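Comments concern the structure below.
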Amino acid sequence: MISTYETIQVEEKDGAAYLYFNRPDAMNALNLEMIKELADSLKAIAMKDDIHILVLSGNGKAFSAGGDIKAMLAMEEEKGFISFMDQINEVVSILAGMPKLTIAAINGAAAGLGLSLALACDTIISDLDSKIAMNFIGIGLVPDGGGHYLLQRRIGQEKAKKVIWEGKVMSAEEAAETGIIDEAVPDLALAVDQKITKWQKKPVLAMIKTKKIYTELNRPDFNKSLELEKHAQWKMRQTKDHKEGIRAFVEKRAPQFKGE
């Protein structure tokens, strides 16, 4: 069964749901419409008792290049921007707490908010040719979508700070060595199928119950991280460094930051 929204595609097969970001011409950058449809589709999947596994991936040449910069630039008022951040936080909360086992299957670029969404999954498998980046720093911003908490959960606070501050575009192999993703593989579809087959041979409901317990134990810290990111992001949007980062991005040049 295939369900198609405007920007999200969902296919169900053999007890698993496959959700694809579907803005291939924009490298699956997340705009407001996509965020809303992602929330709706995740809620629908969460309610399905016959689905135990969710695979998150992207149509076209990218998993997701992150938040849609053009869409965010149009949000000049604080109220509208905070509302947008609240919707991002809702999506990542639904995904992180999804009562299913979740796989991020990274094809192509996973950057910024796109990487945050991948980090919200239980397992991250990437194609060898993919590029991984927590690159908010390049436009003078901080990670959102729970990026601080989720990255720290995987690699520890000190390593997470270095990854965030450097904003380096990593190969899939480097990201796996760092611990940001679980596997870098030559055949992504095969690796995902093998993971699903392995899980389906286990008592999957017991696995999901363990996930629910950890979700509840970690929820206060995760929610606090989301709230802190939301307000930090608005504050950073007012800085000269952010404006310079955006100009440099548009003009395809290296930014000249001044700490202002």
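Read-outs: derived from the displayed coordinates by stated rules, not from any lab. Predicted model only: the values in this text are computed from it and were never measured. FYI the Cβ positions are ideal-geometry reconstructions off the backbone, even for glycines, and counts take in every protein chain you see.
Within segment 152-189, the set of residues being among the hydrophobic types (A, V, I, L, M, F, W, C), crowded, with 16+ Cβ neighbours inside 10 Å and in contact (Cβ under 8 Å) with a residue 40 or more places away in the chain comprises Ala172, Ala175, Ala176, Ile180, Ile181, Ala184, Val185, Leu188.
Looking only at residues that are of a type in the set (D, E, K, R), in a helix (DSSP H, G or I) and more than 14 Å from the chain's Cα centre (by Cα) in segment 78-133, which one is nearest to Ala184 (Cα to Cα)?
Just the residues of segment 78-133 that are of a type in the set (D, E, K, R), to begin with: 78-79, 86, 90, 100, 122, 127, 129, 131.
Next, from what is left, pick out any that are in a helix (DSSP H, G or I): 78-79, 86, 90.
Narrowing the set further to residues that are more than 14 Å from the chain's Cα centre (by Cα) leaves 78-79, 86.
Working: Glu78: 40, Lys79: 40, Asp86: 32 Å.
For segment 78-133, the residue satisfying everything is Asp86.
Of all the criteria given as (1) buried (at least 21 other Cβ atoms within 10 Å of the Cβ); (2) in contact (Cβ under 8 Å) with a residue 60 or more places away in the chain; (3) of a type in the set (Ser, Thr, Tyr); (4) under 25 Å from Lys61 (Cβ atoms), the one not satisfied by Tyr149 is (4). Of the residues making up segment 186-200, not a single one is in a helix (DSSP H, G or I) and in contact with a Pro (Cβ under 9 Å, 6 or more places away or on another chain).
With touching a helix residue (DSSP H, G or I) at 6+ places or on another chain (Cβ under 6 Å) and among the hydrophobic types (A, V, I, L, M, F, W, C) as the only criterion, which of Leu205, Leu226, Leu190 stands out? Give the steps one after another, and end with the answer.
Details: Leu205 fails: touching a helix residue (DSSP H, G or I) at 6+ places or on another chain (Cβ under 6 Å); Leu190 fails: touching a helix residue (DSSP H, G or I) at 6+ places or on another chain (Cβ under 6 Å).
After applying the criteria, what remains is Leu226.
One residue stands out among those in segment 137-146 that are touching a residue at least 60 places away in the same chain (Cβ under 8 Å) and part of a helix (DSSP H, G or I): the one that is farthest from Lys235 (Cα to Cα), which is Gly138. When Leu42 is tested against (1) crowded, with 21+ Cβ neighbours inside 10 Å; (2) in contact with a Gly (Cβ under 9 Å, 6 or more places away or on another chain), only condition (2) is not met.
Going by what's in this entry, would Glu216 be described as acidic (Asp, Glu), touching a residue at least 12 places away in the same chain (Cβ under 8 Å) and out of contact with any Leu (no Cβ under 9 Å at 6 or more places or on another chain)? Criteria not met by Glu216.
Note on segment 108-136: among residues that are β-branched (Val, Ile, Thr) and in contact with a helix residue (DSSP H, G or I) (Cβ under 6 Å, 6 or more places away or on another chain), the one that is nearest to Val163 (Cα to Cα) is Ile132. The single condition from (1) buried (at least 18 other Cβ atoms within 10 Å of the Cβ); (2) hydrophobic (A, V, I, L, M, F, W, C); (3) closer than 23 Å to Lys230 by Cα that Ala74 fails is (1).
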